[in-house]
Amino acid sequence: MKVLIVEDEEAAARRLEKLIREIDPEIEVAGQLDSIEAVLNWMGQNKLPELIFMDIHLADGSSFEIFQHVQIDKPVIFTTAYDQYAIQAFQVNSVDYLLKPLKKASLEQALRKYYKWHGKAGLDYQELARAIQGSQPGKRFLIRIGQSIRVVEMKEAAYFYTEDKITFITTKEGKRYPLDQSLEKLEEMLDPKAFFRINRQFIISIDAIREMYAYSKSRVKVALDPPCELETIVSTERSPFFKKWLLGEGDGG
């Protein structure tokens, strides 16, 4: 990832670069500028990096003036000795607002926030998905929510279901995430001894069954843990296979 440092104090700029490299050695400083004029000239000749560190008080004015001349669509971490500009900072793509003297812990937290919402530079989601899924086939799910990416282990899954044509996974901790896979695809991935498709809408884990109740037409109603607001009833055609699966005599039919 490349970053741009906008700072008019040479010592502060050197310290910031040193801390950045200590936190993440893969970060490359694309430029170090000390004035509004220098920034505008640099931006007219170079492609904006993924992240900008920007002091507010520069040699020739306030850095907020830069945003009046050019469109900056990259996130910015502001660094300043003054706290009165925080609201203004968050109106111009600010990821964080750090007070000087900078502390390594605060800078590290700001970078984590950036990675959480924007991801590392050059991140190819599909390539990452293939890499993780390929390394452990059927063991993990790669979930993307906005710019955030989360890996969920198969063993964390309590059940899967569809709602409004979207497939969801609910973890044993009760967290819900959307998935790219259909229930049909999940059936091929999941261990049939541990998971069972009770109807067209649900695949459940044996560990997620809290209680079961007799239902009409020889069907079974399942109470799940974590609880689910949707009705979970084993369909008539799946009921015979479900009973065998519970006894360990079948693999879901």
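Counted by neighbouring Cβ atoms within 10 Å, the residues HIS69, HIS118 run from fewest to most as HIS69, HIS118.
If you take log10 I(q)/I(0) by the Debye sum over Cα atoms at q = 0.07, 0.09, 0.11, 0.12 Å⁻¹ from the coordinates, which of (i) -0.22, -0.36, -0.54, -0.65; (ii) -0.26, -0.42, -0.61, -0.72; (iii) -0.41, -0.59, -0.71, -0.77 do you get? It is the one labelled (iii). Here ILE166, ILE204 are placed in order of increasing Cβ neighbour count within 10 Å, fewest first, which gives ILE166, ILE204. For LYS221, the lysines whose Cα comes closer than 21 Å to its Cα, not counting residues fewer than 8 places off in the same chain, are LYS172, LYS193, LYS243, LYS244. Note on LYS47: lysines with a C-alpha under 26 Å away, same-chain residues under 8 apart excluded, are LYS2, LYS18, LYS74, LYS113, LYS116, LYS120.
When shorter helices are ignored and each DSSP H run of at least 4 residues is given -39500 (n - 2.57), the per-residue value for the chain at 222 nm works out to -8000 deg cm²/dmol. Stretching GLU156 away from ASP24 to a fully extended chain increases their span by 44.5 nm, per 0.36 nm per residue minus the current alpha-carbon distance. The chain: longest stretch without exposed GluC sites (Glu not before Pro) (DSSP loop, at most 13 other Cβ within 10 Å), sites themselves excluded? In the chain, the maximal stretch lacking such sites is 27-172. About its Cα centre, the chain has a charge dipole of approximately 1360 debye under the convention of +1 per Lys or Arg Cβ and -1 per Asp or Glu Cβ, with nothing else charged. Of all lysines in the structure, the ones whose alpha carbon falls short of 16 Å from that of LYS165, not counting any fewer than 8 places away in one chain, are LYS185.
Among THR79, THR232, a tally of other beta-carbon atoms within 10 Å of each Cβ gives an order, fewest to most, of THR232, THR79.
Only the coordinates and a few stated rules stand behind these numbers; no lab work does. Since the structure is predicted, the reported quantities are computational estimates derived from the model, not experimental observations. All Cβ positions, even for glycine, are placed from backbone atoms using ideal geometry, and neighbour counts span all protein chains on display.
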